[in-house]
1. Does A:Asp59 satisfy being under 15 Å from the mean Cα position of the chain (by Cα), surrounded by fewer than 21 Cβ atoms within 10 Å (Cβ to Cβ), of a type in the set (Asp, Glu) and within 30 Å of B:His7 (Cα to Cα)?
2. Can you spot a residue in the stretch B:106-113 that is within 11 Å of chain A (Cβ to nearest Cβ), in contact with a Lys or Arg (Cβ under 8 Å, 6 or more places away or on another chain), part of a strand (DSSP E or B) and in contact (Cβ under 8 Å) with a residue 40 or more places away in the chain?
3. In the list A:Thr63, A:Thr98, which residue meets the criterion of being touching a strand residue (DSSP E or B) at 6+ places or on another chain (Cβ under 9 Å) and more than 11 Å from every other protein chain (Cβ to nearest Cβ)?
4. Please enumerate the residues belonging to the stretch B:62-108 that are more than 17 Å from B:Leu46 (Cβ to Cβ) and modelled with pLDDT under 90.
5. So which residues in the stretch B:6-54 are at positive phi and either within 9 Å of the chain's Cα centre (by Cα) or more than 10 Å from chain A (Cβ to nearest Cβ) (or both), if there are any at all?
6. Of all residues in the stretch B:48-94, which are more than 20 Å from B:Arg10 (Cβ to Cβ), surrounded by 19 or more Cβ atoms within 10 Å (Cβ to Cβ) and β-branched (Val, Ile, Thr)?
7. Can you pull out every residue in the stretch A:101-112 that is within 18 Å of A:Ile48 (Cβ to Cβ) and either aromatic (Phe, Trp, Tyr) or within 13 Å of the chain's Cα centre (by Cα) (or both)?
8. Would you please name the residue that is surrounded by the fewest Cβ atoms within 10 Å (Cβ to Cβ), looking only at residues in the stretch A:1-42 that are more than 18 Å from A:Val87 (Cβ to Cβ) and modelled with pLDDT under 95?
Amino acid sequence: DQQVKQNSPSLSVQEGRISILNCDYTNSMFDYFLWYKKYPAEGPTFLISISSIKDKNEDGRFTVFLNKSAKHLSLHIVPSQPGDSAVYFCAASEMGNTPLVFGKGTRLSVIA
Amino acid sequence: GAVVSQHPSRVICKSGTSVKIECRSLDFQATTMFWYRQFPKKSLMLMATSNEGSKATYEQGVEKDKFLINHASLTLSTLTVTSAHPEDSSFYICSASMSQGPYGYTFGSGTRLTVV
């Protein structure tokens, strides 16, 4: 049973436009959510996180929105740049030193 | 920021041999380290949770005797793939944790294991 779901395996966006990556989760115990960017043959790189007490967190071009009632979060990238092309993983954890549970990832392609 | 060093980045080994992968936290003490495996076109799957000074906790379906994890110090955890088979070929990634927070989870750069 997948606790973190990224239903779109891929997304193509034009440079300068907004990229919206979605993530759904089923475990109501999750209280911390993170987005990672990953290039092939490299470890994930932390992008942005949000705790369950917030519904929005912004860092530069990246904004994460959390809708707890819908168990849904999204990552907005605006404006999108070609260098943003990578696989984006949504991850979640419960309180405490618990391992992250990852979605399957969404491959973002930003077209110049 | 917190840095996790993982070595080797790539390794090719023959079937039946063992391979050791190291994960080091360079500038912080990691009481807990996690080992993940990434299958092609799939998510990062947690293999085991490694706590310093105690036995690792393995996820269901992960063979303890095949994937030996040692966390002998607060800065080093190792994953040894024993009697490797071609199906063990994969990308293995470690993660070290200080505490929850934006930088609570730091990932190594991963190890691409190819068993021939």
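1. no
2. The answer is yes; a qualifying residue exists.
3. After applying the criteria, what remains is A:Thr63.
4. Correct list: B:Ala72, B:Ser73, B:Leu74, B:Met98, B:Ser99, B:Gly101, B:Pro102, B:Tyr103.
5. Selection gives B:Gly16, B:Gly53.
6. B:Thr49, B:Ile69, B:Thr75 - these are the residues of the stretch B:48-94 that are more than 20 Å from B:Arg10 (Cβ to Cβ), surrounded by 19 or more Cβ atoms within 10 Å (Cβ to Cβ) and β-branched (Val, Ile, Thr).
7. Result: A:Val101, A:Phe102, A:Gly103, A:Gly105, A:Thr106, A:Leu108.
8. Result: A:Asp1.
The values are calculated or read from the model by the stated rules, or taken from the named source; none is laboratory data. This structure is a prediction, so every number in the text was calculated from the model and none was measured. Don't worry about glycine lacking a Cβ; one is built from the backbone with ideal geometry, like all the others, and counts go over all protein chains shown.
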